[in-house]
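In what follows, a structure is listed as structure tokens, so that the remarks can point back to it.
Throughout, read-outs are computed from the coordinates displayed, never taken from laboratory work. Keep in mind that this is a model prediction, so the values were computed, not measured. With ideal geometry, Cβ positions are generated from the backbone for all residues, glycine too; neighbour counts draw on all protein chains shown.
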Amino acid sequence: MVVLKKRALLLAAVALSFSVKSLDPEYLLHGSVWQTTTAIFFSMLAVRFSWSCLLYPLCLSPLRHLPHPKQTSLLLGQFSRIIKEPTGYPHREWMEEIENDGLIYYRGLFNMERVMVTTPKALSEAVTLKSYDLIKPPTLTKGLARILGYGILLTEGQEHKNQRKNLTPAFSYRHVKDLYPVFWEQSRDMILGIDKDIESKPTTKDENEKQENSSEVNVDGWTSRATLDIIGVATIGKSFGAIEDDQSELYRTYQTLFKQDWQTRMIGLLNFFLPFWFLRALPIPRNVKVEKARVYLSKICFEMLAEKRSKIAAAKEKDKSDETAGGIDILSVAMQSGGFTDGQIVDQLLTFLAAGHETTATAMTWAVYVLGKHSDVQQKLRDELRASPLPDIRDTGAKVTAEQIEQLSYLHAVVNEVLRFYCPIPMTIRIAEKDVVLAGHLIPEGTTVLTPLIAANHNSAMWSEDPKVFNPERWMGPGRANTGGAESNYSNMTFSHGPRGCIGASFAKAEFACLLAAWVLGFETTLVDPDMETDVTGGIIRRIKGGLRVKVVQTKS
Ligand code: HEM
């Protein structure tokens, strides 16, 4: 359903009022053009609301005949459930319980229509074959572009195709393979940083813990800082020093941005009714913080670009034929492609810094939770790592290669299972840019289409062994290392697939494997509260609500 935009209604209201004024000013409300415009505008909004929130979805929409959940509220649809539960949980239940042939329909707040894609075939159509017919919602894009600019994550159509083509070489196996030593060094620095923290604890307060070389650790903080430093080395060729300094301005800035406070949620909700430029201009603390972050981040990205340019120039001075003069990091590859202006390169930097660190940090935090929850998994992992030729994790001179990590089949299995089971991005959202057919059904232009990633990952029709159980063994055995026993690629949706799937998937898995191996070699981990039930945050990334604290004991080499 295509509805008239508010701006078009406002223009129509202005035009009508001025027509009334020129034809017969007596009909103006209190003789005022502006009061008349306001009255016409709000009447039009009311008509639009009745049409798009009641009449069309309840009585006319062709989608209303698709399979759908029961107990829908007349005006709010499934909204109260969706807002209460973690992102993707209701969808997971519907996908399991409602008989369907690839699509399930439901209504959200004010009956806004939603279609979710549910079978491997329909998923392949939505994310691969027809991915360019389904665009990211402009309201979401505008909000994110404030911080990320229009890099590869937010552009559409031909512009996206060009950017993806120019950036893909930076994520090829050839490059990721060379990054393993970096992933290892940064993982080791994280372990040494935690060691330092443990040793600096006042002995008076925690005498027992100190003697055992143990301590309580705030996992989220360490994983975020480690992945930020890793993405620094991978994108610009140098670490941001966040592991060393938890007050680092860049780290603090991202912590502020990723925080989902009530003002962020309020802006998200109001964005259904009010234009983004208006919400953005509201003088509320959240807007002030985001604006400050935007200015700071784009300033340092321009500085990084300038620094890299002079480095390339100096290297070329020495050897004119050197094609990789600046290095093999993402920034150098983007610059060498010649396909980007300075502004576009800065947008890519902003994109990779944000998209490439909190996602992996979240996966790693879930992995540490798993170590505490499943002591058998922790022990088996430690046995495999200790039997391997990996160096002592506290050896600052040691180097690690891709081959050394890649041959560890149980490590690989735990990495895959954490990513499947805890799926850091639970759902992606699109709008049909034109009429499109999915699973044999016509989806009208303007319909919101959801890909419930976590629901696919947990769906019993798509996995041979119970997908609701955390079980790394499903990734072990002949032919299972990359499939987990699932028949289709589209059963495992953690990184999505197709032209808009995660460009950093191999990078993230390699980085995650190094972080996890380092942690298991460095510490024995138990949960502070062994009966801890994890409550999950809403929003784009699926984190542990309130963060994760564990007790670690330093291992002896
Ligand atoms: C465990 C870690 C990660 C997970 C679970 C993850 C997941 C995803 C998902 C599901 C998408 C698709 C989003 C959509 O369709 O709306 C995506 C896109 C993307 N990811 Fe990741 N990601 C991870 C790590 C990374 C890393 C490390 C990088 C960069 C180094 C990265 C860069 C990107 C970019 C640039 C896109 C947009 C691709 C495009 O539109 O062409 N991600 N990611």
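General remarks:
- Spatial separation of Cα centroids for segment 500-518 and segment 40-113, in angstrom: 36 Å
- Extension gain, GLU307 back to TRP262 (0.36 nm per residue minus Cα-Cα distance, nm): 12.4 nm
- Cα-Cα pairs of the chain separated by more than 37 Å (percent): 38 percent
- Segment 445-557: proportion of alpha-carbon pairs further apart than 24 angstrom, %: 45 percent
- Cβ-placed point charges (K, R +1; D, E -1), dipole of segment 222-377 about Cα centre in debye, nearest 20: 520 debye
- With θ taken as phi - 60° and the Karplus curve 6.51 cos²θ - 1.76 cosθ + 1.60 applied, the whole-hertz 3J(HN,Hα) list for segment 74-90 is 4, 10, 9, x, 9, 4, 4, 6, 5, 6, 7, 9, x, 3, x, 5, x Hz, x standing for glycine and proline.
- Extension gain (nm, one decimal) between ALA505 and ALA481, 0.36 nm per residue minus Cα-Cα: 7.1 nm
- Where N is the number of residues in segment 1-134, Cα Rg divided by 2.2 N^0.38 Å: 1.46
- Diffusion of segment 221-309 by Stokes-Einstein, at 25 °C in a medium of 0.890 mPa s and with Rh set to the Kirkwood radius over alpha-carbon pairs, works out to 166 µm²/s.
- Per-residue ³J(HN,Hα) for segment 429-434, Karplus 6.51 cos²θ - 1.76 cosθ + 1.60, θ = phi - 60°, Hz, x for Gly and Pro: 10, 9, 10, 5, 6, 8
- Dipole moment magnitude, nearest 20 debye, the chain about Cα centre, only Lys, Arg, Asp, Glu C-beta charged: 1640 debye
- Put a dot 7 Å past the Cα of CYS59, heading toward its Cβ, do the same for LYS6, and the two dots end up 2.7 nm apart.
- For segment 266-343, trypsin sites (Lys or Arg not before Pro) are listed when DSSP marks them as loop and at most 11 other Cβ atoms sit within 10 Å of their Cβ; the list is LYS320.
- Violating pairs (Cα-Cα greater than 23 angstrom) within the set LYS142/LYS292; LYS177/LYS259; LYS142/LYS545; LYS142/LYS299; LYS177/LYS380: LYS177/LYS259; LYS142/LYS545; LYS177/LYS380
- Among the GluC sites (Glu not before Pro) within segment 76-184, those in coil by DSSP and having at most 12 neighbouring Cβ atoms inside 10 Å are GLU99.
- 3J(HN,Hα) from dihedral phi, segment 499-512, Karplus parametrisation 6.51/-1.76/1.60, rounded to Hz, x for glycine, proline: x, 10, x, 5, 6, x, 4, 5, 4, 5, 5, 5, 5, 5
- Rg/Rh (Cα only; Kirkwood hydrodynamic radius) as it applies to segment 1-60: 1.10
- Options ALA145, GLY232, ALA354, ranked by Cα towards positive dipole end of the chain, top entry (Cβ charges): ALA145
- Close amide H contacts of ILE443 (hydrogens built in the peptide plane, cut-off under 5 Å, sequence separation of 5 or more or a different chain): VAL436, VAL437, LEU438.
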